[in-house]
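Participant: Supplied in structure tokens, the structure appears directly below.
The values are calculated or read from the model by the stated rules, or taken from the named source; none is laboratory data. Small disclaimer: the values here were computed from a predicted structure and weren't measured. A quick note on method: Cβ atoms are made from the backbone with ideal geometry, for glycine too, and the neighbour counts reach across all protein chains shown.
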């Protein structure tokens, strides 16, 4: 198992976002702003669903890696630290997922 974490990925995205957009995909996405970053996240989400339902394990692993990377880029553009997301997830673990979902207001 790898010792690489989402916190490591967040740090790398942050560092690469400062590069010249001509030389870094991360910097290019960040410079393009939320519409481009969110669009790429959505594309990767769809590709991950396709991999999960109609492709093999290797494709699912690859697409999930792409999805997590693009999620970190969206969080960077939105200036939302991964720690805030993790704190939200941690707070949700005090009750069952079904109870937590039932407690949300209707959307």
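Participant: Mind checking which pairs have a first residue in the range 33-46 that is over 11 Å from residue 63 (Cα atoms) and a second that is outside any helix (DSSP H, G or I), Cβ under 8 Å, 6 or more apart or different chains?
Facilitator: Listed by first residue and then by second, the contacts come to 34/78.
Participant: In addition: When you check residue 80 against the structure, is it loosely packed, with under 10 Cβ neighbours inside 10 Å, outside any helix (DSSP H, G or I) and out of contact with any strand residue (DSSP E or B) (no Cβ under 7 Å at 6 or more places or on another chain), yes or no?
Facilitator: Spelling it out, it is not the case that residue 80 is loosely packed, with under 10 Cβ neighbours inside 10 Å, outside any helix (DSSP H, G or I) and out of contact with any strand residue (DSSP E or B) (no Cβ under 7 Å at 6 or more places or on another chain).
Participant: Looking at this structure, is residue 7 assigned to a loop (DSSP other than H, G, I, E, B) and either without any contact (Cβ under 8 Å) to a residue 24 or more places away in the chain or within 16 Å of residue 82 (Cα to Cα) (or both)?
Facilitator: No; evaluated as a whole, the condition is false for this residue.
Participant: Quick check: is even one residue across the range 51-64 touching a residue at least 24 places away in the same chain (Cβ under 8 Å), out of contact with any strand residue (DSSP E or B) (no Cβ under 9 Å at 6 or more places or on another chain), over 12 Å from residue 10 (Cα atoms) and surrounded by 10 or more Cβ atoms within 10 Å (Cβ to Cβ)?
Facilitator: no
Participant: Let me ask something additional. Consider residue 94 against the criteria (1) closer than 24 Å to residue 12 by Cβ; (2) out of contact with any helix residue (DSSP H, G or I) (no Cβ under 6 Å at 6 or more places or on another chain); (3) without any contact (Cβ under 8 Å) to a residue 24 or more places away in the chain: it satisfies all of them except one. Which criterion is unmet?
Facilitator: The one condition residue 94 does not meet is (1).
Participant: So, in the range 59-105, exactly how many residues are modelled with pLDDT under 95 and on the phi > 0 side of the Ramachandran plot?
Facilitator: 0
Participant: Separate question: Just to verify a result, which residue in the range 88-107, among those that are surrounded by 11 or more Cβ atoms within 10 Å (Cβ to Cβ) and part of a helix (DSSP H, G or I), is farthest from the chain's Cα centre (by Cα)?
Facilitator: The qualifying residue farthest from the chain's Cα centre (by Cα) is 100.
Participant: Considering every residue within the range 31-47, establish whether at least one is out of contact with any helix residue (DSSP H, G or I) (no Cβ under 8 Å at 6 or more places or on another chain), surrounded by fewer than 15 Cβ atoms within 10 Å (Cβ to Cβ) and in a loop (DSSP other than H, G, I, E, B).
Facilitator: No, that holds for no residue.
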